[in-house]
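Derivation of every value follows stated rules applied to the coordinates shown; laboratory data play no part. Nothing here was measured: the structure is a model prediction, and the numbers come from that model. Cβ coordinates were reconstructed from backbone atoms using ideal geometry, including for glycine residues, and neighbour counts include every protein chain displayed.
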Amino acid sequence: MFYYGFDMTYLVLVLPCVIFSLWASAKVNSTFKKYSNQLSRRRITGAEAARRVLKANDVHDVRIERVSGNLTDHYDPKANVIRLSDSVYDSISTAAIGVACHEAGHAVQYAANYAPIKLRAAIIPITNIGSKLAMPLILLGLLLTFMEDFSYFFVYLGIACFGLSLVFQLITLPVEFNASRRAMAAIQDSELLTSEEQRGARKTLTAAAMTYVAATAVALAQLLRLILIFGGRGRRRND
């Protein structure tokens with residue numbers, strides 16, 4: 001796997017996905033900036049748009065608050081609060097309205113008992129633990145090479161723990177795409193934006209969705225890399 005000091009599995013598998021992730025991050029920022037200059041003719045703010053989406057879906061117990069930062073918007077299910085960033089909360093741009101409605105879509109998912117988001121919330125503690133233990137377990141396995149069975153056990157356990165991050169990303173994809181679909185449907189049904197303005201909101205949400213696709217690709221590439229590097233150790237020893 002290593003040629004002239006280079007890790008070929010990283011160059012071939014992981015690096016392209018990392019580049020894709022960097023591109024996706026830059027794309028969402030540039031798209032948001034572009035459509036932040038496209039103002040809604042109805043002059044509805046992001047916070048008001050989120051309220052209308054909640055009301056249209058008979059969700060009345062969710063608070064909407066301002067949070068500092070840029071694109072730090074999120075829905076907190078524990079506090080039952082939608083937090084909108086400074087660039088979204090009181091902005092009347094099509095980008096801000098799209099983002100705000102997307103976060104409201106997450107609140108609606110919880111209210112409607114949308115299965116994937118409930119599953120994602122349930123496995124977060126497990127995936128957090130797994131991601132923290134993955135590399136220490138693999139390193140421990142490498143240190144115990146003189147104890148073959150224990151070495152393989154810890155290495156494979158570490159790879160399995162890392163695999164939990166991929167499971168989380170795979171569950172996240174339908175959650176995010178569904179929230180965007182709910183957002184656009186609400187924008188259209190409630191006529192928050194004109195047909196022309198909806199393009200800006202849709203472009204912003206599509207760019208944001210690509211960051212989740214990129215994160216999934218990176219997690220998959222990293223897992224495949226670990227399997228290629230360490231997965232054959234036991235077979236080679238047995239041969």
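Among (1) in a loop (DSSP other than H, G, I, E, B); (2) surrounded by fewer than 21 Cβ atoms within 10 Å (Cβ to Cβ), where does A122 come up short?
(1)
Of all residues in segment 182-211, which are within 19 Å of I82 (Cβ to Cβ) and without any contact (Cβ under 8 Å) to a residue 60 or more places away in the chain?
The answer is A185, A209.
Which of (1) surrounded by 14 or more Cβ atoms within 10 Å (Cβ to Cβ); (2) more than 25 Å from the chain's Cα centre (by Cα); (3) over 20 Å from L205 (Cα atoms) does S40 not meet, given it meets every other one?
Answer for S40: the failing condition is (3).
Any idea which of (1) in contact with a Cys (Cβ under 6 Å, 6 or more places away or on another chain); (2) closer than 30 Å to A26 by Cβ is the one L133 doesn't satisfy?
Condition (2) is where L133 drops out.
Given the criteria closer than 21 Å to A185 by Cβ and polar (S, T, N, Q), does S93 qualify? Steps first, answer last, please.
Working: closer than 21 Å to A185 by Cβ: yes; polar (S, T, N, Q): yes.
Yes: the conditions hold for S93.
Report yes if A209 is under 15 Å from the mean Cα position of the chain (by Cα) and within 23 Å of K27 (Cβ to Cβ), otherwise no. Walk me through it before giving the result.
Working: under 15 Å from the mean Cα position of the chain (by Cα): yes; within 23 Å of K27 (Cβ to Cβ): yes.
In short, yes.
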